[in-house]
Amino acid sequence: MQEQPIEIINKLGLHARASAKLVNTAAQFSSRIELEFGEQKADAKSIMSVMMLAASKGSKMLIRTDGDDEQEAMNAITTLINNYFDEQE
Amino acid sequence: MLSLFGSGIGRGIAIGPAYVLKNSDIETPQFTLNKQQIAGEVKRFKAAINETEQSYKALLKSLPKDAPKESAAFINAHMMMLRDPMITGEAIKIIRSELVNAEHALQTQADNLIRVFEQMEDTYLRAKKGDVQHVTNRVLRHLLGIVSHSLDEFNNENLSGKIIVAKDLSPAETVFIKDRKVASFVTDLGSQISHTAIIARSLKMPAVVGLHGSSKIISDDDVLIVDGMRGIIIINPSIGVLKEYKARQTKIRARERELNTLTKKPSRTVDGQRVKLMANIETAKDIKGLKQVNAAGVGLYRTEYLFMGREQAPTEAEQLREYKRIASGVGDIVAIRTLDIGGDKQLDFNYPNKQSSSSPLGLRAVRLCLSHIEIFKPQLRAILRASAFGKVSIMIPMVSSFDEINQVLAIIKQTKAELKSEGVAFDPRIKVGGMIEVPAAAIMAEVFAQKLDFLSIGTNDLIQYTLAIDRVDDAVNYLYDPLHPAVLRLISLVIRAGEKANIPVSLCGEMAGNVNYTRLLLGLGLKNFSMDATYLLDVKGRILNADTTKLRYLVGKILSSDNPIQARDRLNALNRL
């Protein structure tokens with residue numbers, strides 16, 4: 001199992017489009033991927049679950065990956081978040 | 001055959017099949033099932049999910065190439081939500097555990113999710129409950145077999161040549177009217193001065209609004225005649241009537257061709273007075289129409305369309321691109337009006353005190369910009385930067401006090417200094433004008449004129465504020481009257497103030513494009529008109545045979561009328577001259 005803290009840095013936080021990108025990325029891996037934000041946990045493969053975290057800019061969360069490709073999954077997710085979800089800001 | 005009366009827009013006549021808009025009024029039925037029915041119900045639900053997914057896919061395919069990137073992203077996000085276990089999975093669980101029908105189960109789960117979104121602190125995310133309801137409604141429509149006729153990016157039907165029938169149209173919906181080659185529209189609500197009417201005029205489209213109840217009487221594919229000039233619609237006309245209207249349609253087109261011969265003529269009155277005829281535009285798409293009638297630049301560029309129907313304000317770079325494109329495309333003067341939000345023109349994204357902007361007396365136009373500098377500043381920077389590429393000027397909407405003008409001028413000055421220190425090019429002598437739309441501004445025009453490079457009279461709002469009539473309120477808009485002597489006196493006051501300060505005064509409201517008022521305005525001393533390009537040649541025709549030396553006296557009599565009726569009689573006499 002892998003675990004890594006991360007901060008949401010894009011302007012709009014985990015809104016619909018950013019959540020969609022996150023879920024698309026998560027879906028490429030067989031590992032279980034979980035986001036923990038405060039007391040809430042979300043399945044990174046469910047867009048509703050991710051959106052309901054209501055994580056805005058500056059939110060600090062924990063990513064947990066567990067499975068055969070946990071390392072690759074962790075890299076892909078952290079890269080996406082740190083690249084502002086490939087949005088302009 | 002049935003005729004209905006409302007307020008007509010445009011000279012033309014449209015004939016075509018009706019397309020009745022049906023929006024999201026979905027009633028969700030609720031009933032219980034016995035255990036034997038559950039498997040079938042789940043199957044029905046899954047089939048509806050599949051159908052919905054297919055319709056989303058068809059939609060993605062049908063998106064035009066120039067559709068905004070966001071449209072596809074939205075559809076993809078909605079498709080994902082459709083497949084999300086928290087929506088569909090949970091709904092199936094509810095069907096099984098509570099033995100209820102699929103529609104009720106789905107709406108129950110959607111409501112659960114919406115409640116969570118409503119409690120969110122972040123206003124942006126809170127607004128996302130709309131996405132949940134949107135997806136839910138689509139599935140419900142498939143479950144209930146409701147044919148949806150909506151005017152949005154989710155509609156991929158061919159609307160070309162159709163006549164849209166609706167209760168009312170939002171500004172966002174009117175954008176689709178433009179893009180889908182709709183022939184005309186008729187609405188239950190609205191008046192000649194509502195935003196929808198203004199759009200119809202700019203599309204050179206006849207329309208009738210304020211038809212109270214038409215959307216309930218008309219069915220899909222009924223043949224409609226829309227007579228914009230008389231404000232009549234005829235439902236399923238007899239052959240004789242249809243023939244008569246087709247003949248009139250031909251005649252109107254012939255008159256248009258006749259007007260086209262005026263395009264190249266210099267715009268000058270009989271007594272040699274030069275009159276500048278400019279166009280009002282909303283997007284770069286309007287430049288073509290402006291060139292066709294040989295307009296002398298743009299007297300009003302409404303920038304709000306760049307801001308409406310999207311999730312965040314356009315960036316400085318995006319605005320600069322658009323302003324540059326328009327400045328170089330027009331190749332003549334372009335008065336860029338800064339963001340004029342308020343009333344029926346609203347932004348999709350949230351900002352503090354948004355509520356207030358819906359009131360005509362609320363936080364709108366320049367007031368909004370001054371209290372939301374984060375929206376105003378990027379726009380000013382973009383306009384200033386665009387001034388390096390064309391004859392651009394800044395026009396401030398709804399100024400009402402001297403302080404407000406000083407505040408705006410100080411911000412512009414500061415922005416210029418910033419650009420200069422960044423080494424970014426702009427026109428240091430860019431003109432800054434104010435729109436005179438509030439009676440206070442008209443009365444103080446002489447004082448305001450000392451600070452501004454030009455004045456522009458916005459009659460639509462000036463009339464609304466002078467006569468204390470909310471122009472989107474159907475119940476009072478019969479009182480809306482450009483010929484009220486109070487309005488005319490204010491217009492005259494502003495024109496005098498401009499003459500005294502030796503700065504140009506233009507008029508850019510609907511009055512400028514109405515040929516009934518052309519002589520009146522000329523007589524008041526107006527030399528700059530800005531209107532929708534579709535009216536320009538008509539107005540030019542009036543100018544070419546007007547003699548201002550003869551108009552002054554009669555116009556003076558109109559100004560001193562006791563009431564609008566007397567003013568109208570005198571105006572008719574003037575127009576018969």
Listing of strands (runs of 3 or more DSSP E) fully contained in segment B:161-254 that carry 1 or more residues being surrounded by fewer than 22 Cβ atoms within 10 Å (Cβ to Cβ) and at pLDDT 90 or above:
B:223-227, B:232-235
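Would you mention how many residues in segment B:271-289 are farther than 27 Å from residue B:319 by Cβ, surrounded by 15 or more Cβ atoms within 10 Å (Cβ to Cβ) and of a type outside the set (A, V, I, L, M)? Quick ask: steps written out before the conclusion?
Narrowing segment B:271-289 to residues farther than 27 Å from residue B:319 by Cβ: B:271-275, B:277.
Still in the running and surrounded by 15 or more Cβ atoms within 10 Å (Cβ to Cβ): B:273, B:275, B:277.
Within this subset, residues satisfying the condition of being of a type outside the set (A, V, I, L, M) are B:273.
Summing the residues that are farther than 27 Å from residue B:319 by Cβ, surrounded by 15 or more Cβ atoms within 10 Å (Cβ to Cβ) and of a type outside the set (A, V, I, L, M) in segment B:271-289 gives 1.
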Determine which single condition residue A:43 fails, assuming it passes every other condition in (1) within 9 Å of chain B (Cβ to nearest Cβ); (2) in contact (Cβ under 8 Å) with a residue 24 or more places away in the chain; (3) in contact with an Asp or Glu (Cβ under 7 Å, 6 or more places away or on another chain).
(2)
Give the residues of segment B:259-307 that are free of Cβ contacts under 8 Å to residues at least 24 places away in the same chain and of a type in the set (A, V, I, L, M, F, W, C), sorted by residue number.
B:306
Wholly enclosed helices (runs of 4 or more DSSP H) of segment B:435-536 bearing at least 1 residues among the basic types (Lys, Arg) and over 23 Å from the mean Cα position of the chain (by Cα):
B:485-501, B:518-523
Taking segment A:28-44 only, how many residues are within 28 Å of residue B:310 (Cβ to Cβ) and more than 11 Å from the chain's Cα centre (by Cα)?
0
Residues in segment B:321-337: is at least one surrounded by fewer than 19 Cβ atoms within 10 Å (Cβ to Cβ), free of Cβ contacts under 8 Å to residues at least 12 places away in the same chain and over 26 Å from residue B:196 (Cα atoms)?
yes
Note on residue A:30: of the conditions (1) of a type outside the set (Val, Ile, Thr); (2) touching a helix residue (DSSP H, G or I) at 6+ places or on another chain (Cβ under 7 Å); (3) part of a loop (DSSP other than H, G, I, E, B), unmet is (2)
Do we find a residue being closer than 27 Å to residue B:112 by Cα and of a type in the set (Ser, Thr, Tyr) anywhere in segment A:62-73?
no
Which condition breaks for residue B:80 when tested against (1) modelled with pLDDT under 85; (2) within 14 Å of chain A (Cβ to nearest Cβ)?
(1)
Hey, among the residues in segment B:515-554 that are modelled with pLDDT under 95 and hydroxyl-bearing (Ser, Thr, Tyr), which one's nearest to residue B:488 (Cα to Cα)?
B:553
Would you point out the residue of segment A:53-70, among those that are assigned to a loop (DSSP other than H, G, I, E, B) and surrounded by fewer than 21 Cβ atoms within 10 Å (Cβ to Cβ), that is nearest to the other protein chains (Cβ to nearest Cβ)?
A:56
Scan segment B:394-433 for residues that are in contact with an Asp or Glu (Cβ under 7 Å, 6 or more places away or on another chain), surrounded by 19 or more Cβ atoms within 10 Å (Cβ to Cβ) and not hydrophobic (A, V, I, L, M, F, W, C) and jot them down.
B:397, B:433
Within segment B:560-577, is even one residue more than 25 Å from residue B:11 (Cβ to Cβ), outside the structural domain of residue B:191 (by TED's automatic domain parsing) and surrounded by 22 or more Cβ atoms within 10 Å (Cβ to Cβ)?
no
Among the residues of segment A:1-27, the number that are within 12 Å of the chain's Cα centre (by Cα) and within 14 Å of chain B (Cβ to nearest Cβ) is 14
Anything in segment A:71-89 that is in a helix (DSSP H, G or I), of a type outside the set (Ser, Thr, Tyr) and more than 14 Å from every other protein chain (Cβ to nearest Cβ)? List them, or say none.
A:71, A:72, A:73, A:74, A:75, A:76, A:77, A:80, A:81, A:82
Suppose the filter is within 28 Å of residue A:11 (Cα to Cα) and modelled with pLDDT under 95; does residue B:359 pass it?
no
Please verify whether residue B:418 is in contact (Cβ under 8 Å) with a residue 40 or more places away in the chain and at negative phi, treating the condition exactly as stated.
no
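The values are calculated or read from the model by the stated rules, or taken from the named source; none is laboratory data. Quick caveat, the model's predicted, so the values are computed rather than measured. When we count neighbours, we look across all protein chains shown, and the Cβ atoms used for this are built from the backbone with ideal geometry, even at glycine.
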